[in-house]
Structure formats: C-alpha cells, structure tokens
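Participant: Structure provided below as structure tokens; questions to follow.
The values are calculated or read from the model by the stated rules, or taken from the named source; none is laboratory data. What you see is a predicted model; the values in this text were computed from it and never measured. Backbone-built Cβ (ideal geometry, glycine too); neighbour counts: all protein chains shown. We work out accessible area using only protein heavy atoms, side chains counted, and drop any ligands, DNA or RNA first. Shrake-Rupley method; radii C 1.70, N 1.55, O 1.52, S 1.80 Å.
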Amino acid sequence: MGGLYSEYLSPSKVREHYNYTKETLDTQETPSRQVALALIILLCFAIVVENLLVLIAVARNSKFHSAMYLFLGNLAASDLLAGVAFVANTLLSGPVTLGLTPVQWFAREGSAFITLSASVFSLLAIAIERHVAIAKVKLYGSDKSCRMLLLIAASWLISLALGGLPILGWNCLGHLEACSTVLPLYTKHYVLCVVTIFSVILLAIVALYVRIYCVVRSSHADVAGPQTLALLKTVTIVLGVFIVCWLPAFSILLLDYACPVHSCPVLYKAHYFFAFATLNSLLNPVIYTWRSRDLRREVLRPLQCCRRAAGVQGRRGGTPGHRLLPLRSSSSLERGTHMPTSPTFLEGNTMV
C-alpha cells in the first residue's frame, strides 16, 4: 500500500488516535464492564432470534409475499445483521481496540454503520409503501415485484456506500485535529454528514405518516372513532420509539462535531447512547409485525412445533398435541387501517 492507504495496516495508528482524543485509555476489564458486556450480548442475541423468527415466518408463508411484508422482511434482515454487527463491535471494543489496525477498526465500525443505516432506510421504505397503499389508495401487484426489489437493493447499496466512505479515504488518518472524539479515526465532517442524512430520513418518515393520518382523517371522517384511534396509536408508537431510540445518539454525534477535543466529557460515554439506539432493532418487529395477529401466529409456529414435539416425547404415545390453528386475517393494525368504504386497501388476502 502507498500514499493514502499506507497507514491502514499500522499497528500503532489506532492507539495514536485514541491517545489524542481520549483523556484516559481504559485498558482494564472491570466487573462493571463485564456485566455491561454480558447484557449487550444478551440484547443482541434477542435481536437476532426475534428477527430470525420474523424472516422465517415471512419466507415460509406465501400470504406474506406482498409489498408490505417484503419490506418488513428486509427490515428484519437489516436488524438481524445489526445485532450480529453490534456483538462483533462489542467484543472488539475496550482493551481489544488498541490492538486493532486501522483497516480492522474501519471494518468494525463500518459494519455497524451499514446495518444500522439499512435498518433506518428500511423504515423509510415502509413509510413510503404505507403512503402509497393508504394515502394514494394504490395496490402493489405482482408486476411491481421488480420495483420493490430495486428499492430494497438501493437501500443496501446506499448503506454500503455510507458505511464504506471512511475506509475508502474519508477519514482523519494523518490529520488528528480533524478527528471525532467518539469515533477517533473518523473525521468530524463525516460524522456530521451521517447525522444529517439520518435526520433528513427521520423528518421524511414523520412527514409521510402525518400525511397518511391527515388523508385518513379527511377522507374517512364518517368512520367510527376506534379505527382512527388505532391508526393514530400505531403511528405514535412508530414515531415515538424511533425518536426515543435514535435522538440521544444523534445528539451525542452533533455534540461531538461541535466540541473541541477533551472539552466534553460526556462524549467518553457515547457507547451507552449507541447501545440504546440498538434497542430500535429489537423493537421494530414488535411495532411493525406483532400488532398483526396473522404474522404473530406464524412467528410462533416454530416455537409451538418444538413444544408440541417435546410434549409428544414426554407422553410417549399419549393423546396427540393440539393442532395449530389456521391463519386468519385480523389484527389491531389491520383494523386500524381498514376502511369499510374503501375495499382497495386489500393486499392479497390480508388487510394492511
């Protein structure tokens, strides 16, 4: 390697940058750190399992091969990978950090940025789909599959580009004065760019859901109150959890951009803010799929099958276990968006 990339394999560069941006280098494993590590890994395990069950449910049942559930599956995939990336990030942090080369450090941080970015872009794709399906009163048919796949592919390509910019050269190697305190090999301008992009996405999601709510209220004023309140509750949960999980991380990154080195001690606790943001990947399946009774039953089928098999083995030829109930189209989310005067809200066999 030469020129710009000549320092990527230097074993001392990461330590040099951390020495410059951090007041102290904590290289010891304390009991509190070990407890935090165990809790984070447990959280990530729950994220992986939960989103894996959603992916299995969407893949195995053709009823969920519509636009909405395809986007939900992409959201689950990005959240699952976010959980895996955060486990790797956690295990390679602390004392291990100072032994990494710059290219290893970029891979560690970049993987987390890519997966979390993909999760955010998936939320935006779902908001766009809801706007098309509800505000525009337009259906996705089988001829739109290519368009949906292109949208999903574009979200991943943008996420890869966004997370890969530092390893491609947009970093502060050789320019310590331009370095971020939270992410000591990233330039502050890159951090500001990421925060700006995520903030724009957040505003776009808010605008889309406000538009959806206004259209539903204006077009279906004669609908009974509970249906309007159900939609309002879903939108409130979606926006509220997204803002609560991500706003602290955005705030700490904006503070990082504004603060000179060593002037804001709270920046040394930024890993707690990012861990909190990861909760969004845990809660997304609850918000977007758990309110659907159909999807909830399909997600629970593998667990019920395991329980049934265990019961059969325990009884050794006793009475057969309970049969799994067939799926039916009903959920609080579906009822919240069902308008009796507008049958075009139907997608396949499921109301969404």
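Participant: Compute the FRET efficiency between residue 193 and residue 46 as 1/(1 + (r/R0)^6), taking r as their Cβ-Cβ distance and R0 = 25 Å, and round to the nearest 0.05.
Facilitator: Details: r = 31 Å, r/R0 = 1.25.
The computed FRET efficiency comes out at 0.20.
Participant: Give the relative contact order (percent, whole number) for the range 40-101; include only Cα pairs under 8 Å separated by 6+ residues. Spell out each step's value before the answer.
Facilitator: Working: 37 pairs, mean separation 28.2, N = 62.
The value is 45 percent.
Participant: Largest first and to the nearest Å, give the Cα extent of the range 31-74 along each principal axis.
Facilitator: Here the Cα extents, ordered largest to smallest, are 48, 15, 7 Å.
Participant: Next up: Per residue, how large is the accessible surface of the range 146-189? Use a 1.4 angstrom probe and give square angstrom.
Facilitator: Numbers: 2010 Å² over 44 residues.
Per-residue value: 46 Å².
Participant: Return one whole number: the accessible area per residue of the range 7-102 in Å², for a 1.4 Å probe. Spell out each step's value before the answer.
Facilitator: On the way: 4490 Å² over 96 residues.
Per-residue value: 47 Å².
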